[in-house]
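Okay, structure first, notes after.
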Amino acid sequence: MGVVALITRGGDDPAASASGADPVIPAISDADIAAAASQLGPRDQELVNIGRTGVSINRAGGSRPYVALTFDDGPGADTPAVLAALKKAGVPATFFVVGTGVKANPGTLAATVAAGHEVGVHTWNHRDMTTLSAKQQKAEITATAGEILSATGIASRLFRAPYGSVDPSVLAQAEDAKLLSVLWDVDTLDWTQPTADQIVETAVSQARPGSIILMHDSGGDRAATVAAVPRIIAALRAKGYEFATVGDLVISDPPGAADMSSESRTTQQ
């Protein structure tokens, strides 16, 4: 299968990343990993099959007027406000969470799942995965997956690399963990601290059927994002769009070769 290599700039707040020293990452046993992997139902298996291609998903196929809202770097102080805005609008979303955030806020993540949202792995400590050894990459992924499982009882099937920074080794580690690598095709650039008006304009003007829209619920002051969420939803609905989690979106509207990439969406720092 052919893929399109899309290299863009944007995606994450450098402030969310750890400083130079290696973080202490909890060890997850092979037995725990196997137990989580064994929880594959038909829907999960379909997502895993999509991820067995050595690529990341940038968007769905575009055959249906649905988009996915995604939020990175939580759970954190602004996550409850994002959840409240989504609940009021009746919209599901996908949250790519950091292991340290889950460890600090397990109740918030449990509430996220209880509200019907989807959760994905965003590594343990938000490091650029392409700078790490394969062993370190595995630890970043499996420890976070284990923390999600502990907090929610749910085995995640999605992965998003910090900064969208992937290479063949990162994608292989995600595949080994039975995770689908998910990037985006609409970056609201909320990590650069724009106004709510700017976030809304970017999301609404760039969205198209099948879009995966990137925002953040932690990693900095997200007040503008919180304010933008209901406006984005209202404006996209006015244009005829509805909303789905990433998993539901790509299963119901499978991505084609043009909707996948084999290279990074690295952040300009």
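The values are calculated or read from the model by the stated rules, or taken from the named source; none is laboratory data. Treat the numbers as computed from the prediction; the structure is a model and nothing was measured. Cβ: placed from backbone, ideal geometry, glycine included. Neighbour counts: every protein chain shown.
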Q) Tell me, which residue of the range 112-125 that is assigned to a helix (DSSP H, G or I) and surrounded by fewer than 19 Cβ atoms within 10 Å (Cβ to Cβ) is nearest to the chain's Cα centre (by Cα)? A) 113
Q: Starting from the range 192-218, keep only residues that are over 30 Å from residue 257 (Cβ atoms), then list their pairs with residues that are assigned to a strand (DSSP E or B) and among the hydrophobic types (A, V, I, L, M, F, W, C) whose Cβ atoms are within a distance under 6 Å, requiring at least 6 positions of separation or different chains.
A: 217/71
Q) Mind checking which residues of the range 110-137 are under 14 Å from residue 87 (Cα atoms) and of a type outside the set (D, E, K, R)? A) 111, 112, 113, 114, 115, 116, 117
Q: For residues that are closer than 22 Å to residue 208 by Cβ and of a type in the set (Val, Ile, Thr), scanning just the range 180-197, find the one that is surrounded by the fewest Cβ atoms within 10 Å (Cβ to Cβ).
A: 186
Q. Would you call residue 87 surrounded by fewer than 24 Cβ atoms within 10 Å (Cβ to Cβ), within 26 Å of residue 208 (Cα to Cα) and basic (Lys, Arg)?
A. yes
Q) Residue check: is residue 222 on the phi < 0 side of the Ramachandran plot, in contact (Cβ under 8 Å) with a residue 24 or more places away in the chain and basic (Lys, Arg)? A) yes
Q) Do we have residue 231 as in a loop (DSSP other than H, G, I, E, B) and basic (Lys, Arg) here? A) no
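Per-residue answers, yes or no, for (1) among the aliphatic types (A, V, I, L, M); (2) touching a helix residue (DSSP H, G or I) at 6+ places or on another chain (Cβ under 7 Å); (3) not in a helix (DSSP H, G or I):
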{"site": "68", "(1), (2), (3)": "yes, yes, yes"}
{"site": "81", "(1), (2), (3)": "yes, yes, no"}
{"site": "85", "(1), (2), (3)": "yes, yes, no"}
{"site": "92", "(1), (2), (3)": "no, no, yes"}
{"site": "103", "(1), (2), (3)": "no, yes, no"}
{"site": "107", "(1), (2), (3)": "no, no, no"}
{"site": "110", "(1), (2), (3)": "yes, yes, no"}
Q. Are any of the residues in the range 224-246 crowded, with 17+ Cβ neighbours inside 10 Å, within 28 Å of residue 111 (Cα to Cα) and either at pLDDT below 95 or of a type in the set (Lys, Arg) (or both)?
A. yes
